[in-house]
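Encoded as structure tokens, the structure appears first; notes follow it.
The values are calculated or read from the model by the stated rules, or taken from the named source; none is laboratory data. What you are looking at is a predicted structure, and each value in this text was computed from that prediction instead of being measured. Please note: Cβ atoms are built from the backbone with ideal geometry, for glycine as well, and neighbour counts cover all protein chains shown.
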Amino acid sequence: MTDATDAVEIYLPATDEPLIVAVHDVAALREGLAAYLPKAVHGTPMRVYHLRRPRLPSGFPDHELQVVVDGDRGVGALRYMADGVWFSLGTPPPADVDAVGVLYSYPGDGELPLAEVWKAVEEFTETAERPTVIEWQDDPDDF
């Protein structure tokens with residue numbers, strides 16, 4: 001039996017109830033990520049919380065991994081908040097296209113292929129830490 005803390009909560013856009021996925025249930029994780037794509041209107045974030053990590057005195061998680069995607073272009077971006085605020089470092093979009101996550105203050109050079117985004121989410125579910133399979137940049141608002 002899987003320990004309850006060995007799971008992640010995934011909040012999809014326009015849902016109030018999280019999808020609870022056991023860390024080692026990669027099939028369920030991928031199913032949840034696939035369910036996110038049709039709901040990813042204008043880069044609305046999917047939020048992921050690891051139940052292994054501590055809660056703040058307020059009861060809220062001490063972290064958040066946000067994922068935004070543009071399924072039509074096959075790209076996404078990540079924001080990780082725990083030990084500061086970090087954004088994925090990738091490439092900017094074509095000049096005639098808004099960057100994914102622009103409505104949520106993501107930097108324009110944070111786009112990654114969806115395969116890399118999903119690898120980072122999978123690593124987070126395994127480690128409960130900021131993924132190392134992608135490059136990160138500091139929050140541009142901190143400069």
- Query: Within segment 113-125, how many residues are surrounded by 14 or more Cβ atoms within 10 Å (Cβ to Cβ) and out of contact with any helix residue (DSSP H, G or I) (no Cβ under 8 Å at 6 or more places or on another chain)?
  - Reply: 8
- How many of the residues in segment 91-104 are touching a helix residue (DSSP H, G or I) at 6+ places or on another chain (Cβ under 7 Å) and either hydroxyl-bearing (Ser, Thr, Tyr) or modelled with pLDDT of 80 or more (or both)? 1
- Near pairs, Cβ below 6 angstrom, 6+ apart or cross-chain, from segment 1-29 (over 18 Å from Val67 (Cβ atoms) and in a loop (DSSP other than H, G, I, E, B)) to any residue that is modelled with pLDDT of 75 or more and not basic (Lys, Arg): Thr2/Ala22; Thr5/Leu51
- Item | Residues (modelled with pLDDT under 85 and under 13 Å from the mean Cα position of the chain (by Cα)) located in segment 71-84 | none
- Message: Criterion first (under 28 Å from Val26 (Cα atoms) and at pLDDT below 90) does Val68 satisfy it?
- Response: yes
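Quickly run through segment 85-112 and pick out the residues that are over 16 Å from Pro45 (Cβ atoms), part of a loop (DSSP other than H, G, I, E, B) and over 15 Å from the mean Cα position of the chain (by Cα).
Within segment 85-112, Pro92, Pro93, Pro94, Ala95, Asp96, Val97, Gly108, Asp109 meet the criteria.
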- Message: Among the residues in segment 10-21, are any out of contact with any Phe, Trp or Tyr (no Cβ under 9 Å at 6 or more places or on another chain), modelled with pLDDT of 90 or more and either within 22 Å of Ile134 (Cβ to Cβ) or surrounded by fewer than 21 Cβ atoms within 10 Å (Cβ to Cβ) (or both)?
- Response: no
- Item | Criterion: assigned to a strand (DSSP E or B) and touching a residue at least 60 places away in the same chain (Cβ under 8 Å) - qualifying residue of Val121, Val48, Val69 | Val48
